[in-house]
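Engineer: Let me give you the structure first, and then I'll get to my questions.
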Amino acid sequence: MSFMKRRLVKASLGVALILVLATPALAQEVKIGVVSLQAIVERAPQTKAVMDALREEFAPREREIRAKQKEIEDLQAKVQKDLAVMGETERRNAEKNLRELQRDFTRLRTEYQEDSNLRQNEEISILQRSVLKEVQDYAAAQGYDLIVGDGVLYASSAVNITEAVLRAVEANYQATSP
């Protein structure tokens, strides 16, 4: 036998051996699921609870902003009404007060929006980590080998477990909430 034939036989035997050993692994069924984390976070009862808590947390500042806005509107109305009878100095002072109020209002509103967005992002991040942990727990309990998240272009209902995970998230929330 020539050198090339021996190498070919050895290579063929090696491939055959690999196939024989790999066949049981290939025959084993792999359980795959698809989850939309965004859908779960949007629809989870925890999200509503977090948003309600944030609204309550920022309610005093929101009332302050509305009061400042009403103060500006009242002063604008007063200045418009009294403009004809105001002296030059009085008019300048009123306009200066109005500009200062508007600056304060703009600053308050900007700070409120920045703080509110920051807190919302913090809470959503915590919630996302919690949901991810729930997905992992659900997958392990149900015997999934692979769970694919967002970024999936297509997933049939046979592998999309978003609703099942959402039910588990809701059940866990109900069990832990007062």
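Laboratory data are not the source of any read-out in this text; all were calculated from the coordinates shown. From a predicted model like this one, the values you see are computed outputs, not experimental measurements. Heads up, the Cβs are rebuilt from the backbone with ideal geometry, glycines too, and the neighbour counts pull from every protein chain shown.
Engineer: Using only C-alpha positions, report the orientation-averaged shadow area of the convex hull of segment 28-176, nm², one decimal.
Structural biologist: Values: hull surface 51.9 nm².
One quarter of the hull surface, i.e. the mean projection, equals 13.0 nm².
Engineer: Would you please put 67-79, 88-100 in order of how densely packed they are, using the mean number of other Cβ atoms within 10 angstrom per residue and starting with the highest? Working shown, then result.
Structural biologist: Working: 67-79: 13.5, 88-100: 11.8.
The peptides rank, most packed first, as 67-79, 88-100.
Engineer: Computed FRET efficiency, Cβ-Cβ of residue 130 and residue 66, R0 30 Å: what is it to the nearest 0.05? Mind dumping the intermediate values first?
Structural biologist: Values: r = 33 Å, r/R0 = 1.11.
Once the sixth-power term is evaluated, E becomes 0.35.
Engineer: Right, next: Give me the distance in nm between label points sitting 7 Å out from Cα along the Cα-to-Cβ direction at residue 42 and residue 152, one decimal.
Structural biologist: Reported label-point gap for residue 42 and residue 152 is 1.6 nm.
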